1. Round to the nearest 0.05 the FRET efficiency obtained for residue 3 and residue 272 when R0 = 25 Å and r is the Cβ-Cβ distance.
2. Using alpha carbon coordinates only, what is the Rg to Rh ratio of the range 52-163, with Rh defined as the Kirkwood radius?
3. Arrange the following residues from fewest to most other Cβ atoms within 10 Å of their Cβ: 146, 39, 186, 223.
4. Listing 257, 150 from the residue with the fewest other Cβ atoms within 10 Å to the one with the most, what is the order?
5. Going by alpha carbons, how many degrees (0 to 90, nearest 10) lie between the helix axis of 288-298 and the longest principal axis of the chain?
6. What's the Kirkwood radius of the range 231-285 in Å, using all Cα pairs?
7. How far apart, in nm, are the 7 Å Cα→Cβ label points at residue 98 and residue 82?
8. Once the convex hull of the C-alpha atoms of the chain is built, how many Å³ does it hold per residue, rounded to a whole number?
């Protein structure tokens, strides 16, 4: 697995990040251990916790994280459900980081992810808390999730040394290319692309068949359905056609497209060792005409300009 530098920082990560979205839900401790072992053996270097409050940290703490694998952990969300909100205050960041270290059984978090933009807490307070965590050695690097371009620039301007932006990016979610990508490039910030398989939709497993055993049959159904639109189904159809023509899988096509994007790593959340193997074994190189076809059906700006010119 290739390694890429994250922006202008000294942090290097593998081209695929192992997302722990399913850990503690549909992935038990034994399977989590197998996934971590297989991922590390393939050269993977980063596992990402999807939320502070979720069960993934406890599963990872029990399963054991290989020494060669770093941890990206999210902080800054308090409450749950409709009451969940961003809180980047000093007390919250320090307490949640301390809790994560205890649950993970580690002495440091390699990449602490500020999980959203806090409009209410003074940036000076957030910056001071981050600085304390960095100086104490509890945190090595800092990232930010779900920020716009101007929010990313605002954090950097406040003295918060954000080295990576964590934003959803796939063939089904390309809006960040218009604002976040240019801002990150200008600031020297790397990109960690979340939901690289389009929340599972781009695998083609939901197309014209039973959804049994998929996220559509779990509490994550709303998360998947949000992206399951008429436009996305057209993209998925195009991916499946490309896979059929190339004699490969939809996952192989999608991961080949992901590797051509300006991101340091793509986050995927496999549920089984077989699903992980399909991702990390991908070696496909897309021909220019295939890449152009995928852009035509997936890029909203491209589609808009094409329809206007027509």
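Since every read-out is calculated from the coordinates, none of them should be taken as a lab result. Keep in mind that this is a model prediction, so the values were computed, not measured. When we count neighbours, we look across all protein chains shown, and the Cβ atoms used for this are built from the backbone with ideal geometry, even at glycine.
1. Working: r = 25 Å, r/R0 = 1.00.
Approximately 0.50, to the nearest 0.05.
2. Rounded to two decimals, Rg over Rh is 0.96.
3. Ranking 146, 39, 186, 223 by Cβ neighbours within 10 Å, fewest first, gives 186, 223, 146, 39.
4. On the way: 257 23, 150 12.
Ascending Cβ contact count within 10 Å gives the list 150, 257.
5. Approximately 70 degrees, to the nearest 10.
6. 12.0
7. Modelled inter-label distance: 3.3 nm.
8. 138
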